[in-house]
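Written out below as structure tokens is the structure these notes cover.
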Amino acid sequence: MTDNVLPPGPRDEIIAPGDPVYARLADAARRGLLPGWQPVDFLRSDRLFTRRELAPLLAKLPVKTEFVALGNAPRAFASGMGWQVQATKDGITAAEASAEWQGWSFAAGRRSLRWGPGWTGGMLFSDSTAPLDRVSVTKNFGKLTFEQFYGQFFEPNDPTAPVESSSGTRRHLAGRRLTLQSEGPWQISAGEAIKALRLPDPGLAAVLPWYVYEHDWTVGGTGRWLGLPRSTAYRNSHWLNYMADVSVSYTPKNGTRFYGEYLLDDIKAPSFLGGVETTPQRSGLLLGAAASRGPLSWRAEVMDTNRRTYRSDIKADAWQRGDSPLGHVAGPNAHVLFARTDYKVSAKLSLAVEAEQRRRRDASQPGPTSLNRVTLFAATTLTPQAYATARLERDSLRLTFGWMP
């Protein structure tokens, strides 16, 4: 993986706002390497970019060792061929080394984790939690791209977790996906992920489909599908939480992009796979559309999750990290409507307006706090090294002044 290559994934996937690529682009804009762009375009917290938007900008940058200090952002960033480090007031938020070998790309370190095309968040992985320490591998097979990662984090001990299923405070998080990226209008990506309290026989866990892995290492159910040798087995499935998702993007010739992401947390499986009538429906769906015409761009989304999506019978294996969701920030039992319009008034002034409604899908069940929000944003360049942003809501106004040395 070279210095200017983005993390792997579909072209229309949103890049997490904390990713170090934004620091690099802000510095490049300050040095005049990106005509028409200003540092504030990449440093304002409300503006997100897709991989498709950032790739041509990164292609203009030289590959060299560099150190960037972003003033009172505050963010410092250093990189070279095959490595990068980013520090903020919260500590080291990104530190990654990467290499390539015979068509395989390998990376190890810390980086924000976000999958999916949704502006309001990814259904399987969002960046509402701290950056994840992980190792990853990527391989291109023509139009197909395979990627897989494994990471760890720690949570407070959960006294409600069954003793035979839990393993202290260590949590194992892993994900893999296969993406079809053609030159045509379609992009399709299918993935699966696990959060595990224990990870027996990790070598087999790295290569088996995780739904099969969970089944064969759990005593309950209809029996072992593959009969592979195992070092242990658990009486119930609380030791591992399995998720799967599919994301699709379609961009016709007029340039308007339609996209969606379907999350499958739990569903009644066919009887020959051990399905039972008591299995609840746990899923989520995000649908959206986006387009850009000259200085004007817009985006609209709707998101919906079932009342038990992301939840679990025990807190330890719920789809969250601490109190923050690993998936969509709205969490379970949520219905979200979102729209945003951006307008670039001039090279130095940009305006945006967002509207969001968030409510509980089932009012009788726990869920997100109801929200009806309209927010106005403004970002302007004051000098080549200084900028200002404004955020106006019904009952608040926040001004930010930034500078770069």
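The values are calculated or read from the model by the stated rules, or taken from the named source; none is laboratory data. None of these values were measured; they are calculated from a predicted model. For neighbour counting, all protein chains shown are included, and Cβ atoms are generated from backbone atoms with ideal geometry for every residue, glycine included.
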**OP:** Can you tell me which residue within the range 154-167, out of those that are surrounded by fewer than 16 Cβ atoms within 10 Å (Cβ to Cβ) and modelled with pLDDT of 80 or more, is nearest to ASN241 (Cα to Cα)?
**Re:** PHE154
Original post:
Can you find even one residue in the range 296-305 that is farther than 22 Å from GLU53 by Cα, charged (D, E, K, R) and out of contact with any strand residue (DSSP E or B) (no Cβ under 6 Å at 6 or more places or on another chain)?
Top reply: no
**OP:** Kindly establish whether PHE106 is more than 21 Å from SER45 (Cβ to Cβ) and either surrounded by fewer than 19 Cβ atoms within 10 Å (Cβ to Cβ) or touching a helix residue (DSSP H, G or I) at 6+ places or on another chain (Cβ under 9 Å) (or both).
**Re:** yes
**OP:** Test SER189 against the criterion of being surrounded by 15 or more Cβ atoms within 10 Å (Cβ to Cβ), outside any loop (DSSP other than H, G, I, E, B) and either at pLDDT 80 or above or more than 24 Å from the chain's Cα centre (by Cα) (or both), and give yes or no.
**Re:** yes
**OP:** Identify the residue in the range 83-103 that is within 14 Å of PRO20 (Cα to Cα) and among the small types (Gly, Ala, Ser) and, among all such residues, is surrounded by the fewest Cβ atoms within 10 Å (Cβ to Cβ).
**Re:** GLY91
Original post:
Which of the residues that make up the range 301-336 are closer than 20 Å to GLU356 by Cβ, part of a strand (DSSP E or B) and touching a Lys or Arg at 6+ places or on another chain (Cβ under 8 Å)?
Top reply: ASP304, THR305, ALA334, HIS335, VAL336
Original post:
All but one of (1) of a type outside the set (Val, Ile, Thr); (2) under 30 Å from GLY142 (Cβ atoms); (3) modelled with pLDDT of 85 or more; (4) part of a strand (DSSP E or B) hold for ALA95; which doesn't?
Top reply: (2)
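Checking the structure you have, find out if any residue of the range 355-368 is within 25 Å of ALA130 (Cβ to Cβ) and in contact with a Ser or Thr (Cβ under 7 Å, 6 or more places away or on another chain). Quick ask: steps written out before the conclusion?
At the first step, the residues of the range 355-368 found to be within 25 Å of ALA130 (Cβ to Cβ) are 356, 358, 366-368.
Next, from what is left, pick out any that are in contact with a Ser or Thr (Cβ under 7 Å, 6 or more places away or on another chain): 358.
Taking every residue of the range 355-368 in turn, at least one turns out to be within 25 Å of ALA130 (Cβ to Cβ) and in contact with a Ser or Thr (Cβ under 7 Å, 6 or more places away or on another chain).
Filter the range 37-62 for residues that are outside any loop (DSSP other than H, G, I, E, B) and of a type in the set (Lys, Arg); which is farthest from GLU147 (Cα to Cα)? I'd like the intermediate steps shown before the answer.
To start, the set of residues in the range 37-62 that are outside any loop (DSSP other than H, G, I, E, B) comprises 39-43, 49-58.
Still in the list and also of a type in the set (Lys, Arg): 51-52.
Numbers: ARG51: 16, ARG52: 18 Å.
Filtering first and then ranking leaves ARG52.
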Subject >> Set ARG170, ARG111: member being under 25 Å from GLY331 (Cβ atoms), modelled with pLDDT under 95 and surrounded by fewer than 16 Cβ atoms within 10 Å (Cβ to Cβ) >> reply: ARG170
Original post:
Which residue pairs have Cβ atoms closer than 6 Å, lie 6 or more positions apart in sequence or on different chains, and pair a first residue in the range 24-36 that is in a helix (DSSP H, G or I) with a second residue that is among the polar types (S, T, N, Q)?
Top reply: ALA29/GLN38
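Identify, please: which residue in the range 294-337 is within 16 Å of the chain's Cα centre (by Cα) and at positive phi and is, among those, surrounded by the most Cβ atoms within 10 Å (Cβ to Cβ)? Before you say what the answer is, go through the steps one by one.
Taking the range 294-337 and keeping what is within 16 Å of the chain's Cα centre (by Cα), we get 303, 310, 319-321, 324-331.
Next, from what is left, pick out any that are at positive phi: 310, 331.
On the way: TYR310: 25, GLY331: 21.
Going through the qualifying residues, I end up with TYR310.
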Original post:
Across the range 338-356, which residue is surrounded by the fewest Cβ atoms within 10 Å (Cβ to Cβ) among those that are in contact (Cβ under 8 Å) with a residue 40 or more places away in the chain, among the small types (Gly, Ala, Ser) and farther than 13 Å from PHE377 by Cβ?
Top reply: ALA347
